[in-house]
1. Looking for whichever is in contact with a His (Cβ under 6 Å, 6 or more places away or on another chain) and not acidic (Asp, Glu) here; the options are Val15, Val73, Val81. Which one fits?
2. When you look at Asp79, is it open to solvent by 80 Å² or more (accessible area, probe 1.4 Å) and acidic (Asp, Glu), yes or no?
3. Give region 38-52 a look and list any residue that's assigned to a helix (DSSP H, G or I) and either open to solvent by 70 Å² or more (accessible area, probe 1.4 Å) or in contact (Cβ under 8 Å) with a residue 60 or more places away in the chain (or both), or say none.
4. Given the criteria of a type in the set (S, T, N, Q), open to solvent by 50 Å² or more (accessible area, probe 1.4 Å) and closer than 29 Å to Met1 by Cα, does Ser85 qualify?
5. Checking Glu29 against (1) open to solvent by 30 Å² or more (accessible area, probe 1.4 Å); (2) closer than 15 Å to Arg7 by Cα; (3) in contact (Cβ under 8 Å) with a residue 40 or more places away in the chain, which test does it fail?
6. Could you check region 32-58 and list, in sequence order, the residues that are of a type in the set (Val, Ile, Thr) and at pLDDT below 95?
7. Note down all Cβ pairs under 7 Å where the first residue falls in region 59-76 and is more than 13 Å from Lys41 (Cβ to Cβ), the second is open to solvent by 70 Å² or more (accessible area, probe 1.4 Å) and of a type in the set (Ser, Thr, Tyr), and they're at least six residues apart or on different chains.
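The values are calculated or read from the model by the stated rules, or taken from the named source; none is laboratory data. Computed from a predicted model, the values in this text were never measured in an experiment. Here the Cβ positions follow ideal geometry from the backbone for every residue, glycine too, while neighbour counts run over all protein chains shown. Protein only, heavy atoms only, side chains kept; ligands, DNA and RNA dropped before computing areas. Shrake-Rupley method; radii C 1.70, N 1.55, O 1.52, S 1.80 Å.
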Amino acid sequence: MVHSTKRGTGIIGTVEKPLEAVTFEASIEHSATALLSFIGKIRAVSGASFADYVGQNMVLEIDGGPALGVVIVHIEGDDAVINLSPR
């Protein structure tokens, strides 16, 4: 298992439509073949709040990387805390 921290940019939205450009920082745990844990914080580049999306399944499309199913767990100040979606 490997633990790492990744910072970057991406877009968060629903399967149907992108909502906001974001910056993110995530703690990731993975093996050679699978992503085991992903816990992170996102912040809208525009400054918009994600409070209306707490508990909803979303898609985080990482610039230059994969798209992940995530859920917004709660809000901490200007940041939304995200976790991998159970679905």
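1. Numbers: Val15 fails: in contact with a His (Cβ under 6 Å, 6 or more places away or on another chain); Val73 fails: in contact with a His (Cβ under 6 Å, 6 or more places away or on another chain).
Selected residue: Val81, the only one of Val15, Val73, Val81 that is in contact with a His (Cβ under 6 Å, 6 or more places away or on another chain) and not acidic (Asp, Glu).
2. Working: open to solvent by 80 Å² or more (accessible area, probe 1.4 Å): no; acidic (Asp, Glu): yes.
The answer is no for Asp79.
3. First pass over region 38-52, keeping only residues assigned to a helix (DSSP H, G or I): 51-52.
The one that is assigned to a helix (DSSP H, G or I) and either open to solvent by 70 Å² or more (accessible area, probe 1.4 Å) or in contact (Cβ under 8 Å) with a residue 60 or more places away in the chain (or both): Asp52.
4. Values: of a type in the set (S, T, N, Q): yes; open to solvent by 50 Å² or more (accessible area, probe 1.4 Å): no; closer than 29 Å to Met1 by Cα: yes.
Here the answer is no, as Ser85 does not meet what is asked.
5. Among (1) open to solvent by 30 Å² or more (accessible area, probe 1.4 Å); (2) closer than 15 Å to Arg7 by Cα; (3) in contact (Cβ under 8 Å) with a residue 40 or more places away in the chain, the lone unmet condition for Glu29 is (3).
6. Looking only at region 32-58, we keep the residues that are of a type in the set (Val, Ile, Thr), and these are 33, 39, 42, 45, 54.
Within region 32-58, Thr33, Ile39 qualify.
7. Final answer for the pair search is none.
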